[in-house]
Each structure stands twice: as C-alpha cells, then as structure tokens.
Amino acid sequence: MDLRILALLQSDGRLSNLKLADAIGLSPTATLARVQRLTREGFILGYEARLNPLKLDAGMLVFVEVLLDRTTPNVFEAFKVAVQLQPDIMECHMVAGGFDYLLKTRSADMNAYRVFAGNVLWQLPGVRETRTYAVMEEVKNSSHLHLRGLG
C-alpha cells in the first residue's frame, strides 16, 4: 500500500488526499496517516513543481568534472560549502574515479556559461582542473525512482 501511495504521489504531487484515498482504496483519514508517516520516516522529502528551463533563461545544461588540487578533508569541506551557495549549480556529486566531483549546471547560453565558469566555477576552493560537457539533447530527464515490487 505504501508503494502505491509513493508511486501515485511521485507521478502527481498535487494529488488531493481524497483522490489518493480513492485510488488506493483506503479512507481519507487512513491515507493521510500513511502519507504523514511516510513523510516523517523520510520516504517523502517534499513537493515541488518541475519548471521548464527553456522558458526561464536556463536552457543550456552543462555537466562539469571537477578535479581538486588536494584531497584533504578541509579542501573537500570548503568546496562543498562554496557549492551550496551557487544557484546555477543544480547538483554536485562526489564521485570515485579520475576526478573528484561531478556538477550539473544550467545557464542561459554558452556566453552565460563562460561567465559562470570564469567568475564562479574556477574560483571555487581547491579547483585545479575542470572538464565541461555541454548537453546537445536531453534524451531522458526524470527524477522518478523505480519503485521495486510494483510490477
């Protein structure tokens, strides 16, 4: 039952409690209690609208590999703190392999990205080297998790 609730809310976060209850065959009170428990236990992190970046001057998607000059705890921490302050950096992931972090950024266009790279990216603490991958086509863009056991 919990997986059905999660699947339905993942597809439509604006689904009313009444419609959700009807879809899963529980009373609205029992459904609300389950949703509150799933939220309290951290299965549901929140709700947000998916915005169209092309309509909001953020149509250029760029992934960036970042190699730090040193891999010490204080350099990692300073980098992580600085990244949190940058709204054009949508995601930042520490990775294993040939570089330290993978960033997902959005800009209006290549000129805006160049300004961002010079004024922000290359000024982040500890950055020694970056590799930029401008996306030519988004083939798949989803935040939906595959919920095992739903068939």
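The values are calculated or read from the model by the stated rules, or taken from the named source; none is laboratory data. Nothing here was measured: the structure is a model prediction, and the numbers come from that model. Cβ placement follows ideal geometry from the backbone for every residue including glycine, while neighbour counts extend to all protein chains displayed. The area values use the complete protein model at the heavy-atom level, side chains included, leaving out ligands, DNA and RNA. Shrake-Rupley method; radii C 1.70, N 1.55, O 1.52, S 1.80 Å.
Values computed for the structure shown
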{"read-out": "Test: residue in the range 32-47 that is open to solvent by 70 Å² or more (accessible area, probe 1.4 Å) and closer than 30 Å to Val127 by Cβ", "value": "yes"}
{"read-out": "Residue in the range 93-105 that is at pLDDT 95 or above, assigned to a loop (DSSP other than H, G, I, E, B) and not hydrophobic (A, V, I, L, M, F, W, C) present", "value": "yes"}
{"read-out": "In the range 89-105, the residues that are closer than 19 Å to Glu138 by Cβ and over 12 Å from the mean Cα position of the chain (by Cα)", "value": "Leu102"}
{"read-out": "Qualifying residues in the range 109-135 (those that are part of a loop (DSSP other than H, G, I, E, B) and open to solvent by less than 40 Å² (accessible area, probe 1.4 Å)) - the one farthest from Asn52 (Cα to Cα)", "value": "Gly126"}
{"read-out": "Cross-chain or 6+ apart pairs with Cβ under 8 Å, the range 52-80 first and touching a residue at least 24 places away in the same chain (Cβ under 8 Å) and open to solvent by less than 30 Å² (accessible area, probe 1.4 Å), then outside any loop (DSSP other than H, G, I, E, B) and acidic (Asp, Glu)", "value": "Val66/Glu129"}
{"read-out": "Residue match in the range 136-143 (condition: small (Gly, Ala, Ser) and either surrounded by 11 or more Cβ atoms within 10 Å (Cβ to Cβ) or at pLDDT 95 or above (or both))", "value": "no"}
{"read-out": "Failed item in (1) over 22 Å from the mean Cα position of the chain (by Cα); (2) within 30 Å of Val115 (Cβ to Cβ); (3) of a type in the set (A, V, I, L, M, F, W, C), with Leu26 passing the rest", "value": "(2)"}
